[in-house]
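These notes are about the structure you will find just below.
Bear in mind these aren't lab numbers, they're just calculated from the coordinates by the rules spelled out. Just so we're clear, the structure is a prediction, and the values are computed from it rather than from any experiment. Ideal geometry is used to build each Cβ from the backbone, glycine not excepted, and the neighbour counts take in all protein chains shown.
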Amino acid sequence: MNRIIETQRLILRPLKVSDAEQVFEWVSDERVSKYMVYTAYTDIEQVRKWLEFAENDKSTNSFGFVRKSDGKLIGSGDIGRQSGKAENVWGFGYNFRYDCWGNGYATEAAKAMMKWAYENFGVVKFFSSHAEPNTASGRVMQKCGLHFAGYGEFEKLDGSIKMRSVEYEGLYCLED
Ligand SMILES: CC(C)(COP(=O)(O)OP(=O)(O)OC[C@H]1O[C@@H](n2cnc3c(N)ncnc32)[C@H](O)[C@@H]1OP(=O)(O)O)[C@@H](O)C(=O)NCCC(=O)NCCS
């Protein structure tokens, strides 16, 4: 299975343990982790452990997003089956280094992951959700062709924050 995807400005590729320093740049940033399920990492060793797990995890399709212009890893995301959803409905998520926000990278990466899921697994139905105040992420979902589907619950993995989430769903759109 080819997990290297090229877009206009990005290369999407599997994450490696040797990416730890670059990944730590954003996962240690509370502005980035605020509405993610993880809490900001404080120790790069935790990132290494997570990357080791991700490298060997066959059940999740995670990707690092490399900016072509400078070869830097600027974010990561994943796409795959969602627990509690029908088998053919895939969910996706993403996060980016703070200084890279607002350039359309998340939309570019998410669309590329959806296309990859469609081409390799025939997935046409997608789902995503965001903590209610995280409207920028909702905008990315809209730009990926998804529409509002209802409300759910966002909860951090450590249970420290619980709030309403906004859920989006939609069909893969062949146009760019
Ligand atoms: C959410 C996130 C991935 C967006 O990445 P990005 O590369 O800036 O996204 P894009 O540039 O593709 O699109 C962002 C859109 O949101 C809009 N936007 C930005 N801030 C916004 C805000 N506060 N309210 C509403 N829309 C906002 C932008 O204008 C843009 O829309 P436009 O193209 O119509 O102008 C990025 O902010 C991030 O990494 N956040 C931290 C991690 C996170 O929250 N991930 C999502 C968890 S659900």
key: segment 135-176 and segment 48-121: distance between their alpha carbon centers, rounded to Å   = 15 Å
request  = Starting from the amide H of VAL123, placed 1.01 Å from N in the peptide plane, find each other amide H under 5 Å away whose residue is 5 or more places distant or on another chain.
outcome  = TYR118
query = In debye to the nearest 20, how big a dipole does segment 5-171 give about its Cα centre with +1 on each Lys and Arg Cβ and -1 on each Asp and Glu Cβ?
reply = 480 debye
inquiry  = For the pairs LYS49/LYS125; LYS68/LYS156; LYS85/LYS156; LYS16/LYS115; LYS72/LYS162; LYS72/LYS115, flag any whose C-alpha to C-alpha distance is greater than 29 Å.
reply    = LYS49/LYS125; LYS68/LYS156; LYS72/LYS162
query = Given a cut-off of 16 Å, what percent of all Cα-Cα pairs of segment 21-61 lie beyond it?
reply = 39 percent
message = Just to be sure I understand the curve: with the Debye formula and one point per C-alpha of segment 5-171, what is log10 I(q)/I(0) at q = 0.15 Å⁻¹?
response = -0.83
query = GLU25 to ASN2: extension gain in nm, 0.36 nm per residue of separation minus the Cα-Cα distance?
reply = 5.6 nm
query = Can you give the Rg to Rh ratio for segment 67-129, taking only C-alpha atoms and Rh from Kirkwood?
reply = 1.02
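Select from segment 1-83 those GluC sites (Glu not before Pro) which occupy a DSSP coil region and have at most 16 other Cβ atoms within 10 Å, ordered by residue number. Intermediate values should be presented prior to the final figure.
Working: sites: GLU6, GLU21, GLU25, GLU30, GLU45, GLU52, GLU55; in loops: none.
Here no GluC sites (Glu not before Pro) fit, given the DSSP loop and packing criteria.
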request  = Go through segment 4-16 residue by residue and turn each phi into a ³J(HN,Hα) via Karplus (6.51, -1.76, 1.60, θ = phi - 60°); whole Hz please, and just put x for glycine and proline.
outcome  = 10, 10, 10, 10, 4, 10, 10, 10, 9, 8, x, 7, 10
Lys/Arg +1, Asp/Glu -1 at C-beta; the chain dipole; positive extreme among VAL66, GLY122, GLN82 = GLY122
